[in-house]
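Report on one structure; see the data block that follows.
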Amino acid sequence: MTSTPLPTTPRAAAVEVLCLWATTHNSIDLLFHSAAEKLADIDRGLVKTLVYGVLRQKEYLNYIILKFSKHPLAKMKPRTLMTLRIGVYQLLFLNRIPESAAVNATVNTLKDSGQPAWLIGFANGLLRTVARNRTSLPTPEQLAQGDTPILNHPAWLIERWRAQFGPDKARMICLVNNAEPPLSLRINSRRTNRSALHTLLEKSGITASKGFFSPVGLSVDTFPGGIASLPGYDLGHFQVQDEAAQLASLLVGTLPIRCRVLDGCAGLGGKTSHLAELLPPDGTIVAIEPDTRRYGFLRENLKRLGHTERVTPVRTDLQSYAATRPLLFDVILIDAPCSGTGVIRRQPDIRWNRQPTDLAQYQQTQLQLLATATFLLKPGGIMIYATCSLEPEENEEVIRRFTAQFPLFSVDNAASLLPESAHRLVDAAGFFHPSPADGLDGFFAARLINGHGL
């Protein structure tokens, strides 16, 4: 049995990743990283640009292809359609790539995969026609207007957001999701400060600006290389994290001396490491993460950032950890698994992978996590519930159902814990609830106080 040869060019790798995604609907991040580790460093950036760009502009690219094709998209094989999308994306969005390279190198992926001559000719002709007409084609922004706009999101999600936010804000959220987001960094205040890192980046020719909302945020506009090649990365001077997530960690407030903090869903350790920077003397954190891959990254990040002495990672799930009957905690963070509809601009496949029925399943998991956490929290302790979802079923409704089941818990207004610039991101109920229309990831966080025994 022979194995399939690995792609040797960035466009061929992009086609393979997108074809795998079309047939499996696995996480595009995992598929990309699996392919990227087999490529030269110089090619990885182009592969990511092509893959993520095609997913962000999928419906617009389909519209352009249909203008010049007599073949219905539904009858095209995934490899053909993905190749055409990649070619059109280069022609209309990547001005730095010469037209000839965009067409020829893309068509060559069909030749190299043994496709028939007529199909190669069809793809070549279509892409050259798009190239000749590209200055007269409507832009994505133009097609996003009107009564039947092309917004590059599934209809069910657009309709939900229109009902929740109104048509104008829903359109804005979609447009933001369709653009590549800036690289957002959180300064590790234990090792540097924002001004020092800003200066270091600028000296290296990297343009950065201070975060608008977060006091420890920096935004890098464009950086073609890998994160690990940024100045200060190896020294643990920063963690990649959106400003919305940075602000959510501030909701713990002033932590007491010798406090015990539990991060019940630590993931890669973004919020864990931020909480470690906020710890007072003798404070400690337990970070729970059941997934082997994420747990590995969690440990790597804690080591790089210098937080291993006061953070104990545990590879298990929250319910199993609770069964060990640990000492109670002063603060618990539940950054719950969710649909991720608030981070679509960073993970563009989410919009195409999710279904409306997923929300009820996520809600059940979220309520179970909160219920488990209640038995680990001290009387008077603080619990932060957070998601990167825009959907009420995972946010406001979870809090409503949780407080109905555990009436001694009350919601504390988030605004008093945040910088003044971020007060407008807190809604009337006291929830921290930014959306992509605010220039941040979509997020939700509630600060809950355990009134038991008070």
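Throughout, read-outs are computed from the coordinates displayed, never taken from laboratory work. Model, not experiment: these values are computed from the prediction. Neighbour counts are summed over all protein chains in view; Cβ atoms, including those assigned to glycine, are modelled from backbone coordinates with ideal geometry.
Rank-order 70-81, 287-298 by packing density, defined as the average count of other C-beta atoms within 10 Å over each peptide's residues, highest first. Could you put the intermediate results ahead of the total?
Working: 70-81: 13.1, 287-298: 18.3.
Put in order of decreasing packing, that is 287-298, 70-81.
How much net charge surrounds T139 when only the other residues with a Cβ under 15 Å from the Cβ of T139 are counted, with Lys and Arg +1 and Asp and Glu -1?
Values: positive: R56, K67, R134, R171; negative: E59, E141.
Result for the neighbourhood of T139: +2.
What area, in nm² and to one decimal, does the C-alpha convex hull of the range 66-186 cast on average over all directions?
On the way: hull surface 41.4 nm².
Taking a quarter of the hull surface, the average projection is 10.4 nm².
According to a simple spin-label model (label point 7 Å from Cα along Cα-to-Cβ), what is the distance in nm between L408 and T357?
That separation, rounded to one decimal, is 3.9 nm.
Dividing the convex hull volume of the alpha carbon atoms of the range 243-450 by its residue count, what do you get in Å³ per residue?
On the way: hull volume 25.4 nm³, N = 208.
Taking only Cα atoms, the range 243-450 has a hull volume of 122 Å³ per residue.
What net charge do the residues around E393 carry, taking every other residue with its C-beta under 14 Å from that of E393, with Lys and Arg at +1 and Asp and Glu at -1? Could you put the intermediate results ahead of the total?
Values: positive: R160, R354, R400, R401; negative: D358, E391, E394, E396, E397.
Once all neighbours under 14 Å are counted, the net charge is -1.
Provide, as a two-decimal number, the C-alpha radius of gyration of the range 183-240 over 2.2 N^0.38 Å, N being how many residues it has.
Cα-based Rg divided by the globular estimate yields 0.98.
In debye, nearest 20, what is the charge dipole magnitude of the range 243-450 about its Cα centre with +1 on Lys and Arg Cβ and -1 on Asp and Glu Cβ, if you could check?
Details: 20 positive and 23 negative charges, 110 e Å.
That gives a dipole near 520 debye.
How fast does the range 271-327 diffuse by Stokes-Einstein, in µm²/s, taking the Kirkwood radius from C-alpha pairs at 4 °C and 1.567 mPa s? Write out the running numbers ahead of the final one.
Values: Rh = 11.9 Å.
Translational D for this selection: 109 µm²/s.
Can you tell me, using C-alpha contacts under 8 Å and at least 6 residues apart, the relative contact order of the range 243-450 as a whole percent?
Details: 401 pairs, mean separation 46.4, N = 208.
It rounds to 22 percent for the range 243-450.
Report the Rg/Rh value for the range 10-143, based on alpha-carbon coordinates and the Kirkwood definition of Rh. Mind dumping the intermediate values first?
Working: Rg = 14.0 Å, Rh = 14.9 Å.
Taking Rh as the inverse mean 1/r over Cα pairs, Rg/Rh reads 0.94.
Note down the net charge around G225, summing +1 for each Lys or Arg and -1 for each Asp or Glu among other residues with Cβ under 13 Å from its Cβ.
Values: positive: R44, K48; negative: D41, D43.
In short, 0.
Out of every Cα-Cα pair in the range 122-255, what percent are more than 22 Å apart? Each step should come with its number before you reach the end.
Working: 5164 of 8911 pairs.
Result: 58 percent of Cα pairs exceed 22 Å.
Compute from the Cα atoms of the range 301-346 the Rg and the Dmax, the latter being the longest Cα-Cα distance, and quote both in angstrom.
Values for the range 301-346 (Cα only, Rg and Dmax): 14.5, 40 Å.
Bin by bin, in steps of 10 Å, what percent of the Cα pairs in the chain do you find, going until the bin that has the longest distance?
Pair shares across the bins are 4, 19, 28, 25, 15, 7, 2, 0.
Using DSSP, restrict attention to beta bridges with both residues in the chain and report what percent are antiparallel, rounded to the nearest 5. Working shown, then result.
Working: 22 of 39 bridges.
Of the beta bridges lying entirely in the chain, close to 55 percent run antiparallel.
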